[in-house]
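There's a structure below that I have some questions on.
Any read-out appearing in this document is the output of simple, stated calculations on the displayed coordinates, not a laboratory observation. These figures come from a predicted structure and were not determined experimentally. Cβ placement follows ideal geometry from the backbone for every residue including glycine, while neighbour counts extend to all protein chains displayed.
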Amino acid sequence: MSNDVWVVAEHARGQLSESTLETVGKGRELAHATGGKLVALLLTDDERNQINSLAAADLILLARRPEFREFTPEAYGGAIEAALKEAPPRLVLMGSTSVGLDLLSVLSARTGFACLDSCTRLDLRASQLLATCQIYGGKLFVEVALSSATTLVAVVPGSFAKPADQPSGRPEVRELTLPADLPVSRITFHRLIEPPSGDVDITKVPILVAVGRGIQNADNLPLAGELAEALGGAVCASRPVIDQGWLPLTRQVGKSGMTVKPKLYLALGISGAPEHLEGMKQSELIVAVNTDPKAPIFGAAHYGAVTDVVELIPMLTEEARKQGLKKAS
């Protein structure tokens, strides 16, 4: 076993996922700490649009086959299993996504390596790797010492930052030799069914005005829209607002919605259930407004105010327009 850190690259429509880039960033840090290499494991049919995004890696193990164009658990699982048995690393990172979760338990069962899901933190302390993972839907966190020789870890998207600096050189690319008797996948990918795209991608907006039950009714939503417009941001919401049909699903933040990391997250009338916090707790600045001083959202917020959001929003909007905050953002 080596001290290397491997990252399983996840891609769709020829582009690497955001969770993969975040995992590469953390993998780079851990590989430096352990004295090993950062190795990206890339299974694809065409790597041209993906190699440059993996520049932070020391080595890219590339397997190029038509069946790797889209993810199927049998095809990917068999190839990754063979690579792991050939040269087991210290740590294997993947996203805690539909792809990563499909692979995690299967690879663990086939290789005998330990696995951890829903990881939000990884640290090296006195040569001991420690992982912090969510349990019970994010209501509790548990710290685990990674004592096994090789550990497979699925990382919650949004937990880590992407590589800050783009290396000037290119990583070594090595063809991954796959066994001749690799089983043919019994699963065939036909098509990706996506929900209708929203008018705004809230994962890319730097300022978000998030509304919850405290907005009271759909007639008050334009107030949040005016504030978002004045700040140069967009409106999003917690699940109760989405379930009422007041905003489309593409505006939902939380475990069953989007994970966002804006510069400013205004949580207006949101109580702060663990499922919602999971989707926005990595925001740079969180400001919460709620009538309940004991609302859990205040535990995650940097600043807070105990008041009625319907009364406060017009005042915030007026002040934002006076200050010209939209131009500054």
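Which order results if Glu275, Glu319 are arranged by neighbouring Cβ count within 10 Å, fewest first? Display every interim value, and only then the final one.
Numbers: Glu275 17, Glu319 12.
So the ranking, lowest neighbour count to highest, is Glu319, Glu275.
Which whole-Hz couplings ³J(HN,Hα) result when phi for each residue of the range 302-313 is put into the Karplus expression 6.51 cos²θ - 1.76 cosθ + 1.60, θ = phi - 60°, listed in order with x for Gly and Pro?
Values, residue by residue: 7, 9, x, 9, 9, 6, 7, 5, 5, 7, 7, 4 Hz.
When Asp308, Asp4 are ordered from fewest to most other Cβ atoms inside 10 Å of their Cβ, what list results?
Working: Asp308 13, Asp4 23.
The most exposed by this proxy come first: Asp308, Asp4.
Follow-up. Stretch Leu192-Leu285 to full length: gain in nm at 0.36 nm per residue minus the Cα-Cα span?
Details: separation 93, 0.36 × 93 = 33.48 nm, distance 3.50 nm.
That pair, Leu192 and Leu285, stretches by 30.0 nm at full extension.
Give, rounded to the nearest 20 debye, the magnitude of the charge dipole that the chain has about its Cα centre when Lys and Arg contribute +1 at Cβ and Asp and Glu contribute -1 at Cβ.
360 debye
Let me ask another. Using the Cα centre of the chain as origin and beta-carbon charges of +1 (Lys, Arg) and -1 (Asp, Glu), tell me which of Pro163, Asn217, Leu21 is placed farthest towards the positive end of the dipole.
Value computed over the given set: Pro163.
Taking only the alpha-carbon positions of the chain and ignoring solvent, what does the Debye formula give for the base-10 log of I(q)/I(0) at q = 0.09, 0.14 Å⁻¹?
Summing over Cα pairs of the chain leads to -0.54, -1.09.
Report, in deg cm²/dmol and to the nearest 500, the calculated mean residue ellipticity at 222 nm for the chain, where each DSSP H run with n ≥ 4 adds -39500 (n - 2.57) and the sum is divided by the residue count. Mind dumping the intermediate values first?
Numbers: 9 runs with 91 residues, N = 329.
So the calculated ellipticity at 222 nm is -8000 deg cm²/dmol.
In addition: Counting only chymotrypsin sites (Phe, Trp or Tyr not before Pro) that are in a DSSP loop and have at most 13 other C-beta atoms within 10 Å, tell me the longest site-free stretch of the chain. Spell out each step's value before the answer.
On the way: sites that count: Tyr136, Phe189.
The segment 190-329 is the longest one with no such site.
Pick out which of Ala109, Ala300, Ala161 has the largest mean-square fluctuation in a Gaussian network model of the chain, springs linking Cα atoms closer than 10 Å.
Fluctuation is largest for Ala109.
Give the distance, in whole Å, between the Cα centre of the range 77-117 and the Cα centre of the range 198-235.
Between the Cα centres of the range 77-117 and the range 198-235 lies a distance of 40 Å.
Same structure, new question: Mind giving me the FRET efficiency for Gln244 and Val144? R0 is 25 Å, r the Cβ-Cβ distance, nearest 0.05 is fine. Numbers along the way, then the final one.
On the way: r = 39 Å, r/R0 = 1.55.
Calculated transfer efficiency: 0.05.
I've got another one for you. Just want the ordering: Leu41, Leu176, Leu208, from fewest to most Cβ atoms lying within 10 Å of their own Cβ.
Numbers: Leu41 25, Leu176 17, Leu208 28.
Listing Leu41, Leu176, Leu208 from fewest to most nearby Cβ atoms yields Leu176, Leu41, Leu208.
Over the range 5-175, what relative contact order in percent results from Cα pairs under 8 Å that are six or more residues apart?
Details: 349 pairs, mean separation 48.7, N = 171.
Computed value for the range 5-175: 28 percent relative contact order.
Here's another thing I want to ask about it. Taking the simple approach of a point 7 Å from Cα along Cα-to-Cβ for both Asp201 and Arg321, what is their distance in nm?
3.1 nm
Where the centroid of each part is defined by its Cα atoms, how far is the range 239-293 from the range 1-41 in Å?
Distance between centres, Cα-based: 29 Å.
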